[in-house]
1. Which of the residues belonging to the range 130-148 are within 14 Å of Met164 (Cβ to Cβ), of a type outside the set (Phe, Trp, Tyr) and part of a helix (DSSP H, G or I)?
2. For the range 56-87, how many residues meet the condition of being more than 20 Å from Leu21 (Cα to Cα), surrounded by fewer than 19 Cβ atoms within 10 Å (Cβ to Cβ) and touching a residue at least 40 places away in the same chain (Cβ under 8 Å)?
3. Take the residues in the range 48-68 that are touching an Asp or Glu at 6+ places or on another chain (Cβ under 6 Å) and in a strand (DSSP E or B), then tell me which one is nearest to ligand 2 (Cβ to nearest atom).
4. Quick one: in the range 233-247, which of the residues that are among the polar types (S, T, N, Q) and buried (at least 16 other Cβ atoms within 10 Å of the Cβ) is nearest to Asp30 (Cα to Cα)?
5. For the range 232-271, how many residues are touching a helix residue (DSSP H, G or I) at 6+ places or on another chain (Cβ under 7 Å), in a loop (DSSP other than H, G, I, E, B) and at pLDDT 95 or above?
6. Would you confirm whether or not the range 203-225 contains a residue that is assigned to a loop (DSSP other than H, G, I, E, B) and hydroxyl-bearing (Ser, Thr, Tyr)?
7. Look at Ala306 and say whether it is in contact (Cβ under 8 Å) with a residue 60 or more places away in the chain and either within 16 Å of ligand 2 (Cβ to nearest atom) or surrounded by fewer than 16 Cβ atoms within 10 Å (Cβ to Cβ) (or both).
Amino acid sequence: MKPLLSFEHISCYFSTSFGELQAVRDVSLDLYEGEIFGLIGETGSGKSVLGLTALQLLPANARVTGEVRFENKSLLQLSEKEMRHVRGKKIALIPQNPASSLNPVLKIRTQLREAVRHQKELKDKDGYLASWLQAVSFSYPIKLLQSYPFQLSGGMKQRILTIMGAAGQPKLLIADEPTKGLDAPARHDVVEALRNVCRQTGTTLLVITHDLHVAQILCDRIGVMYAGRLVESNDTDSLFATPGHPYTEALLLARPTAGMKPMAGDSPNLLQVPSGCAFHPRCSYASEMCVEQLPPWTEYGQKKYARCFLHAPST
Ligand code: SF4
Ligand code: MG
C-alpha cells in the first residue's frame with residue numbers, strides 16, 4: 001500500500017533569543033489512506049510542529065529540513081500560492097482553539113458556507129451542511145445554522161470546526177488537540193464526530209493529542225514523540241497492551257486508570273537535550289550505552305517500531 005502522506009527525515013529548528021532550538025529531530029513517518037493516526041507525547045515533544053510542517057503553517061522563525069510527500073508530490077518545495085491550493089482542499093487543519101477560530105460576529109451558516117465555497121457543483125449547500133451537522137450529532141441542524149458562536153458550548157464549537165475542516169472533502173484532516181479543555185461528555189462527542197466524519201468519507205486523519213484515552217478510542221495506529229523524536233509507532237491495541245518504548249510504558253502508568261504513577265525526572269529542556277537516548281535520565285532500564293549512543297529505529301514485530309536499545313538487534 002502506498003502512503004498518502006510521508007514525513008521523510010523531518011527536522012525543525014526555531015531561532016530564539018536563547019539560541020537555536022530543535023523541536024523535531026529526524027522524524028520519518030507514513031500515513032495510509034483512510035487510517036486514523038494519533039501522535040501523542042508531552043507538551044513540547046514536537047507533535048504539533050511536525051503536523052504543521054505538512055501545511056507550511058509554522059511561524060517565520062522556523063526552519064524545516066527533510067521532505068513531506070503528499071500523493072507523491074513534494075510539499076516543502078511548493079510556493080505560498082501553490083500551498084493555498086493544498087490547504088483546505090487537499091489537507092485541512094482543525095485548529096486547536098475553537099474560541100478564536102470562529103468569527104464571533106458571523107452566523108455558523110455563513111462560516112460553514114465559506115468552507116464549501118469552492119464546491120461549485122453543490123446545489124443545495126444548506127442541505128449539504130445540515131447532513132454534516134447530523135453526522136456530528138447535532139439534532140437541530142437548521143436552528144444551529146442560524147446561531148452565533150457565543151450561543152454554543154466549547155464541545156459544540158469543536159464539532160463545528162470538525163465540519164469546517166471536513167466539508168471541503170480534503171484527503172487528509174489534521175486535528176491539533178481537538179479535545180483540549182473539554183469535559184468528558186463533550187470530549188466523547190468530539191471523538192464520535194471525528195470518527196463518523198472520517199469513516200463516512202474515507203478521509204485520513206492525523207490527530208495530535210496528549211489525551212491518551214482519546215488516542216486509544218479514536219486511533220488505528222499511534223506514534224509517540226519524546227524531545228522531538230518519534231520513539232514508538234504501533235497499532236493502538238498493541239501499544240496499550242504491550243508498549244514498545246519505556247517512555248510509552250511510563251505514560252501509560254501515569255494514567256488515572258493505572259494508579260497515576262508519576263513519571264520520574266523532568267521533561268527535557270529542548271535547548272539541552274540529553275545525549276544518546278534523550279529519555280535516559282528518566283528511564284529505569286537505561287544502561288551506559290543509552291547515555292552515549294542514539295538507539296536505532298527498529299522494527300521489532302509486525303507494524304511495531306521503537307527507538308530503544310531494548311529492541312535493537314544486538315551488535
Ligand atoms: Fe531507556 Fe535506553 Fe531504551 Fe532509552 S534506549 S528508552 S534509555 S532503555
Ligand atoms: Mg501542541
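The values are calculated or read from the model by the stated rules, or taken from the named source; none is laboratory data. Treat the numbers as computed from the prediction; the structure is a model and nothing was measured. When we count neighbours, we look across all protein chains shown, and the Cβ atoms used for this are built from the backbone with ideal geometry, even at glycine.
1. Within the range 130-148, the subset within 14 Å of Met164 (Cβ to Cβ) is 132-133, 135-136, 138, 144-145.
When the remaining residues are screened for being of a type outside the set (Phe, Trp, Tyr), the result is 133, 135-136, 144-145.
Of everything in the range 130-148, those that are within 14 Å of Met164 (Cβ to Cβ), of a type outside the set (Phe, Trp, Tyr) and part of a helix (DSSP H, G or I) turn out to be Leu133, Ala135, Leu144, Leu145.
2. Adding up the residues that qualify gives 3.
3. Within the range 48-68, the match that is nearest to ligand 2 (Cβ to nearest atom) is Gly66.
4. Checking each candidate, the answer is Ser233.
5. Total satisfying the criteria: 1.
6. Yes, that holds for at least one residue.
7. Values: in contact (Cβ under 8 Å) with a residue 60 or more places away in the chain: yes; either within 16 Å of ligand 2 (Cβ to nearest atom) or surrounded by fewer than 16 Cβ atoms within 10 Å (Cβ to Cβ) (or both): no.
No; evaluated as a whole, the condition is false for this residue.
A quick yes/no check of all residues on (1) without any contact (Cβ under 8 Å) to a residue 40 or more places away in the chain; (2) under 20 Å from Ile40 (Cα atoms); (3) away from ligand 1 (no atom under 12 Å from the Cβ):
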site: Gly223; (1), (2), (3): no, yes, yes
site: Arg229; (1), (2), (3): no, yes, no
site: Asn234; (1), (2), (3): no, yes, yes
site: Asp237; (1), (2), (3): yes, yes, yes
site: Pro246; (1), (2), (3): no, yes, no
site: Asn269; (1), (2), (3): yes, yes, yes
site: Cys283; (1), (2), (3): yes, yes, no
